[in-house]
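A.B. asks: Here it is, the structure in full.
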Amino acid sequence: MVLPAIRIGFMESPAHKLGPGLAILLVCLVCLFLCIQAFFHFGPCRPLPGIPRNKLSWMGFKGDIIEVFKAGNTMDWLLEQSRKHGPICQLFLRPLKQPFVLISDYTVAQAIMLKRKEWDRSDYSIELLSGQAPMHHINLKTGPEWRAHRKLIQDLMGQSFLNNVAAPNIYSSTLNLVELWTMKERTANGHAFSATDDVIHSTLDAAWAFTFGDAFPVKAIHQGTISCAPVTFTEHKVTFGSPSQLPAVEATLGASDIVGELAASPCPTTSWYIMRATSKRVKRHLAIRREYVQEQIMAAVERLHVTDPVLAEGKVKFTSATDFVVRRVKDCAESAGEVPDYLSETVFGLIIGGHDTTSTTKSWGLKHLADNQIVQDRLRASLRASFSLATQERRMPTVQEITGTCIPYLDAVLEEILRLACSLAILDRQATCDTEVLGHHIPKGTIVMMLNRGPSFTEPAFDEALAGGLSVAGTGSSWVVHTLHHFMPERWLETNDQGRSFFNPKAGPTLPFGSGPRSCYGRKLGYLDLRIVFVLLVWRFKLHKCAPELSTYDAVETLTYKPERCYVNLESIKE
Ligand code: HEM
């Protein structure tokens, strides 16, 4: 009786009809689960033994990707992980791939970056950056090809280029910014206004000018000048109209936004292919950039054949970075018998490298100076004293005065801005062989991400035992740990035997330009730009503190780590 009943029930219920199918499905699911578990325990994305990690996991998939998405801000999430786990931990941020190792210690990070044979530029950063410039040397592993590409730009960090080409161009672009802000300040009448776009545009103009020469026809900052009419006044701020950008400006600034979009994707290469195949915006930007860079290269090639009568016979006057690079290409072509085809990426790399990190650093600097009035006053006083002739003659310092005068307090302010800005807050390297970090085995191919803010930089280091017995603090009383997140340029100043103050760039832990053979190529250019801009702005304007809601230190992540709000409340200083 029982059996038929069961049989009838079985036969009649829909579950019975699915019976064998369901069983097969269950078996498949169990097999899949076992395969995934095996993959996670023995495959490439297995945890690295002994290195702390989050315990979250779902069916073997580690939960870090979900957590970082939930957090919204990658940098904040990474800092949280380092505070939770210590100077080293592992994070599962890419599906089915090896974990990243996160390092939060100055000394350990520096040691990694200096060991040239064990560590190299990582596949991950190449994935992020190579879509738009696959042959730029930032995307090459260290080796003969990378060295050949670097050779093309070797003149650009020499005094001749920096003093005769870069500095005058940066100076004149900054004067345009000063002019624009003088107009805006009059209209703003004591209200703050957003500085973000103006800083980006003037820095881009400077990068275009030193890359192509001052004859380059596009100027980003001029659009701001046209839009000076105020649109809305609120209690604390005035919003100026923002006109539509010129295509070349939009296409160039768009390059950094694309990197930001790719960084938010767990599979940047796939995302880039989809973007390039489907996005009209991306296609348009690539075409515009290619066209203007090619045009300028051709103009530089023509200039190469024009000799300057003022110079010695047969010598060519170089007025732009492209002139220097084209001359190097000619030398290489003559010796190697062929013209390298990565030239346009090399040239475009100067514009991207030259504007994004630098403008982001300037934006953070403006905020710090407005919020630290004592520092700002002291900086202005030391500028007035150092440029005594300009003070006497009631004029701005010239570019030669700015580049040729030693002002320790100015150097200290710039170093402190760089220390706290961390425009590129994550440095990366990939192990080229099996190695060891803080006593942990690191297999070949592992990617380490190193923070240049947080523990040991802007907050106390982990205790020495945890950090492998390495010391991390700076020297002197200005480096006491509870003040590490404060803006205190004095920490970079020391006194010599004669009682004179001098700037010591090695006074404490900071890595704004990375370190080692793959450190920032444009470091000197970056310092030069910051120097000219902060001298002229602090000379010409008093930067008042803005209302609290405009003075937050929240950040947005694109190619660089930018302040979400950068407002200035200016008062012109009469000469
Ligand atoms: C304030 C300004 C700047 C900051 C904070 C900055 C920061 C950095 C950082 C952190 C790196 C990675 C270093 C590493 O991995 O160790 C880097 C690399 C690089 N930067 Fe800069 N940078 C600045 C300005 C510039 C400028 C003006 C240029 C060129 C015109 C430039 C060109 C490059 C290049 C080409 C690399 C890659 C070097 C390589 O892989 O061999 N940077 N920069």
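A.B. asks: Taking a probe of 1.4 Å, how large is the accessible area per residue of the chain, in Å²? Present the calculation step by step, with values, prior to reporting the outcome.
C.D. replies: Working: 26910 Å² over 575 residues.
Using a 1.4 Å probe on heavy atoms only, each residue of the chain averages 47 Å².
A.B. asks: Counting only protein heavy atoms and using a 1.4 Å probe, what share of the accessible area of the chain belongs to carbon plus sulfur, as a whole percent? Don't jump to the answer; show the numbers that get you there.
C.D. replies: On the way: 16210 of 26910 Å².
Exposed carbon and sulfur together represent 60 percent of the surface.
A.B. asks: So which of Lys237/Lys562; Lys84/Lys141; Lys184/Lys542; Lys362/Lys545; Lys237/Lys524 end up more than 24 Å apart by C-alpha?
C.D. replies: Working: Lys237/Lys562 20 Å; Lys84/Lys141 33 Å; Lys184/Lys542 14 Å; Lys362/Lys545 16 Å; Lys237/Lys524 35 Å.
Those over the limit are Lys84/Lys141; Lys237/Lys524.
A.B. asks: How much net charge surrounds Gln392 when only the other residues with a Cβ under 12 Å from the Cβ of Gln392 are counted, with Lys and Arg +1 and Asp and Glu -1? Walk me through the numbers on the way to the answer.
C.D. replies: Working: positive: Arg384, Arg394, Arg395; negative: Glu393, Glu575.
Result for the neighbourhood of Gln392: +1.
A.B. asks: Below 13 angstrom from the Cβ of Ser172, what's the summed charge of the other residues (Lys, Arg +1; Asp, Glu -1)?
C.D. replies: Details: positive: Lys219; negative: Glu179, Asp205, Asp214, Asp529.
Counting the neighbours of Ser172, the net charge comes to -3.
A.B. asks: On to the next question. In degrees, nearest 10, range 0 to 90: what is the angle between the Cα axis of helix 2-12 and the longest Cα principal axis of the chain?
C.D. replies: 40 degrees
A.B. asks: For n ≥ 4 DSSP H runs only, could you compute -39500 (n - 2.57) per run for the chain, divide by its residues and tell me the 222 nm figure to the nearest 500? If you can, show how the numbers build up before the last one.
C.D. replies: Working: 20 runs with 286 residues, N = 575.
It comes out at -16000 deg cm²/dmol, rounded to the nearest 500.
A.B. asks: Right, another one. Sorting Asp331, Asp198 by accessible area (1.4 Å probe), largest first, what list results? Intermediate values should be presented prior to the final figure.
C.D. replies: Working: Asp331 65, Asp198 10 Å².
Correct descending sequence by accessible area is Asp331, Asp198.
A.B. asks: Which net charge results for the neighbourhood of Asp428, defined as the other residues with beta-carbon distances under 12 angstrom from its beta-carbon, given Lys and Arg at +1 and Asp and Glu at -1? Walk me through the intermediate numbers first.
C.D. replies: Details: positive: Arg121, Arg429, Arg518; negative: Asp120, Asp123, Glu127.
Here the charged neighbours net out to 0.
A.B. asks: Shifting gears a bit: Restrict the search to the stretch 180-273; then list the GluC sites (Glu not before Pro) that DSSP places in a loop and that have at most 13 other Cβ atoms within 10 Å of their Cβ. Numbers along the way, then the final one.
C.D. replies: On the way: sites: Glu185, Glu235, Glu250, Glu261; in loops: Glu235.
Taking the stretch 180-273 and a limit of 13 other Cβ atoms within 10 Å, the loop GluC sites (Glu not before Pro) found are Glu235.
A.B. asks: For the stretch 385-428, which trypsin sites (Lys or Arg not before Pro) are both in a DSSP coil and crowded by at most 16 other Cβ atoms within 10 Å? Don't skip to the answer; put the middle values down first.
C.D. replies: Details: sites: Arg394, Arg395, Arg419; in loops: Arg394, Arg395.
Listed in order of number, the matching sites are Arg394, Arg395.
A.B. asks: Asp434 accessible area, nearest 10 Å², 1.4 Å probe?
C.D. replies: 100 Å²
A.B. asks: Taking the Cα atoms only, what angle lies between the long axis of helix 373-386 and the longest principal axis of the chain, rounded to 10 degrees?
C.D. replies: Tilt of helix 373-386: around 40 degrees.
A.B. asks: Out of the DSSP beta bridges found with both residues in the chain, what percent are antiparallel (nearest 5)?
C.D. replies: Working: 31 of 38 bridges.
Looking only at bridges with both residues in the chain, the antiparallel portion is about 80 percent.
A.B. asks: Something else about it: If the reach is capped at under 24 angstrom between alpha carbons, list the lysines near Lys330, excluding any in the same chain fewer than eight residues apart.
C.D. replies: Lys151, Lys315, Lys317
A.B. asks: Still on this structure, please answer the following. Using Cα atoms only, what is the angle between the long axis of helix 280-304 and the major principal axis of the chain, expressed in degrees (0 to 90) to the nearest 10?
C.D. replies: 40 degrees
The values are calculated or read from the model by the stated rules, or taken from the named source; none is laboratory data. Remember, it's a predicted structure, so these values are computed and weren't measured experimentally. All Cβ positions, glycine included, derive from the backbone under ideal geometry; neighbour counts span all protein chains shown. SASA here: full protein model, heavy atoms, side chains in, ligands and nucleic acids out. Shrake-Rupley method; radii C 1.70, N 1.55, O 1.52, S 1.80 Å.
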